[in-house]
1. Could you list all residues from region 455-469 that are of a type in the set (D, E, K, R) and surrounded by 17 or more Cβ atoms within 10 Å (Cβ to Cβ)?
2. Could you count how many residues in region 132-151 are among the β-branched types (Val, Ile, Thr), part of a loop (DSSP other than H, G, I, E, B) and surrounded by fewer than 18 Cβ atoms within 10 Å (Cβ to Cβ)?
3. Residues Ile385, Ile402, Ile459: which one is of a type in the set (Val, Ile, Thr) and touching a Leu at 6+ places or on another chain (Cβ under 6 Å)?
4. Tell me the helices (runs of 4 or more DSSP H) entirely within region 374-454 that contain at least 3 residues that are buried (at least 18 other Cβ atoms within 10 Å of the Cβ), among the hydrophobic types (A, V, I, L, M, F, W, C) and assigned by TED's automatic domain parsing to the domain that holds Thr270.
5. For a quick check of your reading of the model, give me the residue pairs whose first member lies in region 272-284 and is under 27 Å from Thr368 (Cβ atoms), whose second is in a helix (DSSP H, G or I) and of a type in the set (A, V, I, L, M), with beta-carbon atoms closer than 8 Å and at least 6 apart or on different chains.
6. Give the residue that is surrounded by the most Cβ atoms within 10 Å (Cβ to Cβ), with candidates limited to residues of region 8-21 that are touching a strand residue (DSSP E or B) at 6+ places or on another chain (Cβ under 6 Å) and of a type in the set (S, T, N, Q).
7. How about region 110-131: which of its residues are without any contact (Cβ under 8 Å) to a residue 60 or more places away in the chain, in a loop (DSSP other than H, G, I, E, B) and under 16 Å from Ile99 (Cβ atoms)?
8. Taking region 79-93 on its own, how many of its residues are surrounded by 18 or more Cβ atoms within 10 Å (Cβ to Cβ), touching a strand residue (DSSP E or B) at 6+ places or on another chain (Cβ under 8 Å) and either closer than 15 Å to Thr126 by Cβ or at pLDDT 90 or above (or both)?
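The values are calculated or read from the model by the stated rules, or taken from the named source; none is laboratory data. Just so it is clear, the model here is predicted, and its values are computed rather than measured. Counting neighbours? That spans all protein chains shown, and the Cβs are built from the backbone with ideal geometry, glycine included.
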Amino acid sequence: MNFKKEIKDTLTSGKPIIYVSTEEEDKLEYILNYIIQEIFNQQMFSWNFIDGYTGNPNYSFNSAQNPLEALNIITKHDNNAIKVFFLKDFNLFLKDVGINRKLKNLYKYLQQTNQYLILSGATHDTPIELKEYISHLTMPLPSKKEITIELDRFISNKSIEIKIEEDKKMICMAYAGFSTNRIRESLSQLTTNKLSIKYIIQNILKEKSKLTKKTEGLQFYSTNHDNLEIGGLENLKNWLTIRNSTFSQKAYLYGITMPKGILLVGIQGTGKSLSAKTISSQWKLPLFRLDVSKIFTGILGTSENRMEKIINTCINNSPCILWIDEIDKVFNDYNSHDSGTQQRVTNIFLTWLSEKKEKVFVVATANTINKLPIELLRKGRFDEIFFMDLPNFKERLKIFQIHIKKLRPVTWNRYNIYYLSKITKGFSGAEIEQSTLEGMYRAFYEEREFTTMDIKHSILNMIPLSKTEHDKILKLRKWGYSGKIKIA
């Protein structure tokens, strides 16, 4: 829903107290002034902690640095004609007992006088005891259309030539998740006329990485993975290829349902993490990695707030990929000694995963599913679960080719990858890569070019995981081929 319409509907529905979460206070105030002028034909009465109320000299002094007095002034008889009061940064005071009680008292008063109180703050949470009294809205960050307007304005002022519409789309996508002020500040740094599109996008992505670090537990990965390639996994590749364009406007008009995500389960080193990066690269979507272990804290309510902030960051940056590595290590059997925090965080994530309409494709990886909650595996959470097995002979050929070609792009065909693939049965893709590097180290130490025999030597001296963890892997492979899930 359009945010302006959402504000109008809330005001006209008789809900007297509204909390708007936003980082763009000036933009919110501008929108509110416009809407209130349109509906009530008058200006708002605004307050902030330092200056008190603005526009009314009778109350500006005694309400400065006094949020309780700012609420008390609303009930003054002289202010009955004022329709809307706007109190900024009020999330900082909502947990105060006196403020909390006063807001509850104000609820009935505002209903009777047909007045409205709008609070704003940068956080998304309000105290649970006020949930029944406060209508919570979130002002979205600039849409694609708004970002395009800012970009067009900048291009015309700076005489920068961006002729290709596709380049403009890429810049707009890179700016997703930025506030209007951040977009303007970022663009103002681009002052020379002959900037390449690649340079512009790289700078935007650097800023996005810094911005994402403020969200605890979330890390941004640049989508510049042009040389990424996976050996094997043909079923997974085909599945992804079919869904490559489902985030486009064309797919939306077609009426197709956007994919929710996939769960990749299997043996370590078989390309689960690489698959997430490759999807981001091939689909040309930004990649965010969720480190769930950094979400949990000992402070009650903080872990839940962090998970909600991570979800909101992904929504603001959509379309994007959310990569959850080793999900089985965190979303497992609930810990009975953490006051239910882990279960509440899991429930927040599962609810969003099941109900999300935003263009956020989730790629979760796991080494096993034995400890995962059954509700995580239920249909509707993920579109598909894939089993990642150890590579077969043909796949090992491709993996050796990828790695050696990357190291020796001209002479790679001089290496006997057929023989190397024969002697690496039971090796994972990561172990094949490591054996190639080990052979290279050996030759470099002896000051010569590395050969097939160097790689063979490192293979014969390496004990793969399929031997050290034979029973566990055998059990996992038996489950993978049970017919319950798809083979990648």
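1. Within region 455-469, Lys456 is the sole residue that qualifies.
2. Residues that pass the stated criteria total 0.
3. Ile385
4. Fully inside region 374-454 and qualifying: nothing.
5. Going by the 8 Å Cβ cut-off, the qualifying pairs are Ser275/Leu236; Ile279/Leu240.
6. So the residue we want is Ser21.
7. Hits for region 110-131 are Pro127, Lys131.
8. The total comes to 6.
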